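Student: Below are the structure tokens for one structure; questions will follow.
The values are calculated or read from the model by the stated rules, or taken from the named source; none is laboratory data. Just so it is clear, the structure is predicted and the values come from calculations on it, not from any experiment. Cβ atoms come from the backbone with ideal geometry, glycine included; neighbour counts cover every protein chain shown. For the accessible areas, the whole protein counts, side chains as well, though only heavy atoms, and no ligand, DNA or RNA atoms are used. Shrake-Rupley method; radii C 1.70, N 1.55, O 1.52, S 1.80 Å.
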Amino acid sequence: MIMLGLFLLLLLLGVPLAFSLMFSGLAFFVLSDTLPVMVAVQRMVASSQSFPLLAVPFFILAGHIMNASGITSRLISFANLLVCWISGGLAHVTIVLSALMGGVSGSAIADAAMQARILGKPMEDSGLPRGFSAAIITVSALITACIPPSIGLILYGYMGNVSIGRLFIAGLIPGALLTVALMLCVRWVASSKRFGDTDKQSAPALREVLSAAGKCKWALLFPVLLIVTIRWGIFTPSEAGAFAVLYAIAVGMLGYRELTVKQLWTALNESVRDIGMIMLIVLAAGIVGYVIAFQQLPQELAQSVSAITQSPVLVLLICLVLLLAIGTLMEGTITVLLLTPILVPVIQSVGIDPVHFGVLLVLVVTFGGTTPPVGIAMYTVCNIMDCSIQSFIRQVWPFYLTVLAVLIVLALVPDIVLFLPNHFYATP
Amino acid sequence: SNPEANDASKRAKVLNVVTSLSSSDPMYLGLQRFKALVEARSDGSLSVNVFVGSQLGNDDDILEQAMAGAAIAVLVDGGRLSVYTHELGILGAPYLVSSIDELRKLVGSELFSRWNGKLQDSAHLRVLAFNWWQGARHLLTQQPITQPSDLSGVRLRTISAPVWIRTIDAMGATPTPLSWSEVYSALQQRVIDAAEAQLAAVWGARLYEVVSHVTKTGHIQLISGLVTSDDWFNSLTPSEQAILNQAAIEAGDYASQNVLAAEKDIELSLTDAGVTITTPDRQPFIDATEPVYNQLGYTQLRNQVRDFLNGKGERE
Amino acid sequence: MNGLDKFERTVCITLLALIVILVFAAAVMRTIGMPIIWSVDVAQLLFAWLCMLGANQTLKHSKHASVDIITQYLPALWQSVLHGVAMTIMLAVLAALVVYGIALFNLNPQRTLGSTDIPYRYVSLALPVGAVLMMLSLLEQGWQSVKRAGKAATL
Ligand code: NA
Ligand code: NA
């Protein structure tokens, strides 16, 4: 409890997340007379020694290289051709792009930032209000967090000891569902408010679509390769990350001939900084995770929850509401790292599949990143597009409601999430 | 009276016992027995918390925490301790003993106590008891195995410690270290072709769903010990120390008996699940793994162990 | 300072590239039936160093994630006071990592990394070394902001 108070105090004083965690975690060891402080340092070291976790740097690097190698720009023109004729125009492009990029990029926030930079201005020029554009770019980033690879799902699998391969496959249908739901929502809002004039445009001919798809076949092939190689045992998810990096380099250098050695160096350099930030938080969370396990907090929580109710649906809803509350206040990575080891025993004790819960958890905390007060994705996008938070809020609520509706459906009908993993993997 | 009891429970020295096994493993029952025995006999001055599934770190991490003086103990096999005391590694060497009784005799011997003393000096670690027998290791494959040459080119998952890797290599397979939690999916997806484990683990991890053959080579007798911090142990009173040692031995015997009792049932259940269980002629495997002792520098030590088991060691 | 930074950056990029190659090679070699036992272990050793050296790169050239919902509304003076407090806390954390990290390095020289003969302590060493480098970066940043404040005062 003292540790939690100290952590929140430091965080609010503006001490970076990783250091707030380390300070409050170390304080516990210093004050305890049975725990040597060396153990805290060991937990940080040990946090870097997980093979599944290697997927994090790989997919961060792969994302940076995709942007430099011309894969991203080809996906944008493909998405554009596919959906910009629908009422709402470019707003659909950002959604479809998120779904396409979902398969190549691991980080929702990086994707939202990239799309705000590239699509923000064209969206405004096409007659969409700035707040509306910022809102849909931000919220559609949830799709990226859901469709494999996803850093959130990797961290969840790592902390909760859940198969990352199963989690990856489980994210596919919810991602598709979110894509469709958000497109319907955009279409409804745009046609009722007459945003963006698309009357003159018509759906592309199949021939056009095929030729555009041919131009970005290497990028479209990638998510397919990823799933196939993981499922049929050529690669573990971490190894698939290494494959993703080399694949992107090969496509960029040999296929599209756009990636230069200098750009590759820049992509590596930017990735190092992203990795440094995320991993210092992961290492720091190692200390706090030890204290949580040492205090037997998960077991106690599981006991007190099962004292209240044994109903899986109720437990699931309680957990999700809790996550939503914390997710709107805290950064997503840290919520996943700290709450996964606490909540997984709780949900397992009432028989909820941890794969089902994992997809919901990652969606909910990523959703928290799109809402006030501490929505990092929201701030990032509004910052890049120079959009006020007020106009963002005014336009975003239909999207929030859509996401909530999808979340409720996914929570109540586990089979939507579990159908694919149960079909492709026999239950271990 | 009540306040005194509260005081006593506040002052209770807590030992945290950690295992990488799950709560469905027979060893877990042994750890629960250990907890019950210690808490009952120490009259509240000692208490034990059991952590399953490596919640506080992997086995090597826990050993390191114990070295740093934390009140922690872990259930580990000899192979993992061989970096600290070379002699302890021989407990994981192939075909060291011909029966469990011999093994039980060895870990209760003067010879073993000397190894324990070395461990205290070299790493500030102390064995409470090393009689936690988990079963014999057998081969889990997708095709029948009758002799070492059948294993040629087979990627076989084993524990990532020298004695294990050398043994599997000597048996003819390609040793492939992988974390235990990944073995099921790796076998299913054919990332690896085979594994080796004791029957209780085959059952616990449901590996019978992803392999078709169990070949009872019994190449290694998996025996573990409860290892704790020597510094912490020395901070206890002599009677507390005695309680811990005695409880660890009794609980270890209890856990081993559980394994023995469970193995027959598990074998039947595995057959029901469609797994073919065979017992090969062990001599070719014994011959094939013979060089392992020389490679790891255990030749002399094995003679010492043999002398002891044949009764010649009594004079020492 | 600049030369050291360039060197660190090159080291980080090399580490990241090596990790990718090692893990990919491990997967390929295993698939063709000739597993390299040590490659994943070595990749994880390098990763510990990448995490700590990368964290220092973030500290110098980018920003570690923090929450500014309260601090952004405070007057400039308060902001710089809190900034100083945050710096001090970060330095204290890093100093603890250096002291206990070196103790951990000396505690367990026998432990080896996975199936290799490499002492595991070289994984642990990444922590104190990374912490020392981050302390240097923080002190450099502190010194720069004091100098700026001094300049602003004299103008
Ligand atoms: Na988007
Ligand atoms: Na993704």
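Student: Once a ≥ b ≥ c are taken as the square roots of the eigenvalues of the Cα gyration tensor of the range A:1-150, is the result rounded (a/c under 1.5), prolate (a/b larger than b/c) or oblate (a/b not larger than b/c)?
Tutor: Values: a/c = 3.98, a/b = 2.17, b/c = 1.84.
Prolate, because a/c is 1.5 or more and a/b exceeds b/c.
Student: Return the long-range amide H neighbours of residue B:176 (sequence gap of 5 or more, or a different chain), with a cut-off of under 5 Å between placed amide H atoms.
Tutor: B:156, B:157, B:158
Student: Right, something else. From the square roots a ≥ b ≥ c of the eigenvalues of the alpha-carbon gyration tensor of the protein assembly as shown, which class results: rounded (a/c under 1.5), prolate (a/b over b/c), or oblate?
Tutor: Values: a/c = 1.88, a/b = 1.51, b/c = 1.24.
Note, shape of the protein assembly as shown comes out prolate.
Student: Would you kindly calculate the translational diffusion coefficient of the range C:3-154, applying Stokes-Einstein with the Kirkwood radius from alpha carbon pairs, for 25 °C and a viscosity of 0.890 mPa s, and quote it in µm² s⁻¹ without decimals?
Tutor: Values: Rh = 18.1 Å.
D = 135 µm²/s.
Student: Which order, highest average first, do B:188-199, A:150-161 follow once you tally other Cβ atoms within 10 Å for each residue and take the mean per peptide?
Tutor: Numbers: B:188-199: 22.3, A:150-161: 25.5.
Taking the mean over residues of other Cβ atoms within 10 Å, the ranking is A:150-161, B:188-199.
Student: Something else: What whole number of Å gives the distance from the Cα centroid of the range B:181-195 to the Cα centroid of the range A:252-277?
Tutor: Distance between centres, Cα-based: 34 Å.
Student: Summed for both chains, how many Å² of accessible area, to the nearest 100, are buried between C and A with a 1.4 Å probe? Intermediate results must be reported in sequence, preceding the final value.
Tutor: Values: alone 10560 and 18760 Å², together 24390 Å².
Approximately 4900 Å², summed over both chains.
Student: Between residue B:22 and residue B:302, with labels modelled 7 Å along Cα→Cβ, what's the label distance in nm to one decimal, could you check?
Tutor: Distance between the two pseudo-spin positions: 3.6 nm.
Student: Angle check, please: helix B:299-309 long axis (alpha carbons) against the longest principal axis of chain B (alpha carbons), in degrees 0 to 90, nearest 10.
Tutor: Helix B:299-309 and the main axis of chain B meet at about 70 degrees.
Student: Report, in degrees rounded to the nearest 10, the 0 to 90 angle that the Cα long axis of helix A:389-412 makes with the longest principal axis of chain A.
Tutor: The two axes meet at around 70 degrees.
Student: Can you list the residues in the range C:17-53 whose accessible area drops by at least 50 Å² when all protein chains are present, compared with the chain alone? Use a 1.4 Å probe, heavy atoms only.
Tutor: Hits at the 50 Å² cut-off: C:20, C:23, C:24, C:30, C:35, C:37, C:44, C:47, C:51.
Student: For chain A, what value does the Rg/Rh ratio take when both radii are computed over Cα atoms and Rh is the Kirkwood radius, given to two decimals?
Tutor: Values: Rg = 21.5 Å, Rh = 22.2 Å.
Ratio of gyration radius to Kirkwood radius for chain A: 0.97.
Student: With the full set of protein chains in place, find how many percent of the accessible area of the range A:152-227 is carbon and sulfur; take the probe as 1.4 Å. Please list the in-between numbers first.
Tutor: On the way: 2390 of 3740 Å².
Here carbon and sulfur together make up 64 percent of the probe-accessible area.
Student: In whole Hz, with x marking every Gly and Pro, tabulate ³J(HN,Hα) for the range B:43-51 from phi via Karplus 6.51 cos²θ - 1.76 cosθ + 1.60, θ = phi - 60°.
Tutor: Along the range B:43-51, the couplings run 6, x, 7, 10, 9, 10, 10, 9, 10 Hz.
Student: Can you tell me the length gained on complete extension of the stretch residue A:30 to residue A:180, counting 0.36 nm per residue apart and subtracting the Cα distance? Spell out each step's value before the answer.
Tutor: Numbers: separation 150, 0.36 × 150 = 54.00 nm, distance 5.20 nm.
Answer, rounded to one decimal: 48.8 nm.
Student: Mind listing the long-range amide H neighbours of residue C:66? Cut-off is under 5 Å, sequence gap 5 or more, other chains count too, H placed in the peptide plane at 1.01 Å from N.
Tutor: Those lying under 5 Å, H to H, from residue C:66 are A:17.
Student: Taking the alpha-carbon centroid of each part, what is the distance from the range A:294-340 to the range A:61-126 in angstrom?
Tutor: Spelled out, the Cα-based centre of one part sits 34 Å from the other.
Student: Could you give the length gained by full extension between residue B:295 and residue B:261, i.e. 0.36 nm per residue of separation minus their alpha carbon distance, to one decimal place? Please report the intermediate quantities before stating the final value.
Tutor: Numbers: separation 34, 0.36 × 34 = 12.24 nm, distance 3.57 nm.
Extra length from residue B:295 to residue B:261 when fully extended: 8.7 nm.
Student: Also: Which residues' amide hydrogens lie under 5 Å from the amide hydrogen of residue B:224, considering only partners 5 or more residues apart or on another chain, with H built in the peptide plane?
Tutor: B:132, B:133, B:134
Student: Shifting gears a bit: B plus C alone minus the pair: what accessible area, both sides summed, probe 1.4 Å, in Å² to 100? Mind dumping the intermediate values first?
Tutor: Numbers: alone 13910 and 10560 Å², together 23090 Å².
Interface between B and C: roughly 1400 Å².
Student: Any idea how far the Cα center of the range C:76-113 sits from the one of the range A:350-402, in Å?
Tutor: Comparing the Cα centres of the range C:76-113 and the range A:350-402, I get a distance of 33 Å.
Student: Short version: which residues of the range B:68-84 lose at least 10 Å² of accessible area, all chains versus chain alone, 1.4 Å probe?
Tutor: Output list: B:68, B:70, B:71, B:83, B:84.
Student: Now a separate question. Return the sequence-ordered ³J(HN,Hα) values of the range A:264-276 in whole Hz as given by the Karplus equation 6.51 cos²θ - 1.76 cosθ + 1.60 applied to θ = phi - 60°, using x for Gly and Pro.
Tutor: Couplings: 4, 4, 4, 4, 4, 5, 5, 5, 3, 5, 4, 5, x Hz.
Student: Within the range A:270-314, find all residues whose amide N lies under 13 Å from a label point positioned 7 Å from the Cα of residue A:322 along Cα-to-beta-carbon.
Tutor: Only A:297-309, A:314 pass the distance filter.
Student: Round to the nearest 10 and report in Å² the accessible area of residue B:39, as given by a 1.4 Å probe over the protein chains' heavy atoms.
Tutor: 60 Å²
Student: Once you have a ≥ b ≥ c as the square roots of the Cα gyration tensor eigenvalues for chain B, tell me rounded if a/c is under 1.5, and otherwise prolate or oblate according to whether a/b is larger than b/c. Working shown, then result.
Tutor: Values: a/c = 2.03, a/b = 1.49, b/c = 1.36.
Here chain B falls in the prolate category.
Student: Can you pull the one-decimal nm distance between simple spin-label points at residue A:12 and residue A:408, each 7 Å off the Cα toward Cβ?
Tutor: For residue A:12 paired with residue A:408, the spin-label model returns 3.3 nm.
Student: Let me ask something else about it. Which percent of the accessible heavy-atom area of the range C:3-154 goes to carbon and sulfur, probe 1.4 angstrom?
Tutor: Details: 5000 of 7010 Å².
It is 71 percent, rounded to a whole number.
Student: Using r as the Cβ-Cβ distance of residue B:283 and residue B:49, and R0 as 56 Å, what FRET efficiency do you calculate, to the nearest 0.05? Before the final figure, lay out each step's value.
Tutor: On the way: r = 46 Å, r/R0 = 0.82.
Once rounded, the FRET efficiency stands at 0.75.
Student: Another question about this same structure. How high is the FRET efficiency between residue C:146 and residue A:206 when r is their beta carbon distance and R₀ equals 45 Å, given to the nearest 0.05?
Tutor: Working from the Cβ atoms, E equals 0.10.
Student: What is the calculated FRET efficiency for residue C:106 to residue B:41, with r their C-beta to C-beta distance and R₀ = 60 Å, to the nearest 0.05?
Tutor: Plugging the Cβ-Cβ distance into 1/(1 + (r/R0)^6) gives 0.95.
Student: Could you give the accessible area per residue of the range B:95-143, probe 1.4 Å, as a whole number in Å²? Mind dumping the intermediate values first?
Tutor: Working: 1760 Å² over 49 residues.
Per-residue value: 36 Å².
Student: Please work out the average accessible area per residue across chain C, using the 1.4 Å probe convention, and give it in Å².
Tutor: Working: 7430 Å² over 155 residues.
Per residue, chain C has an accessible area of 48 Å².
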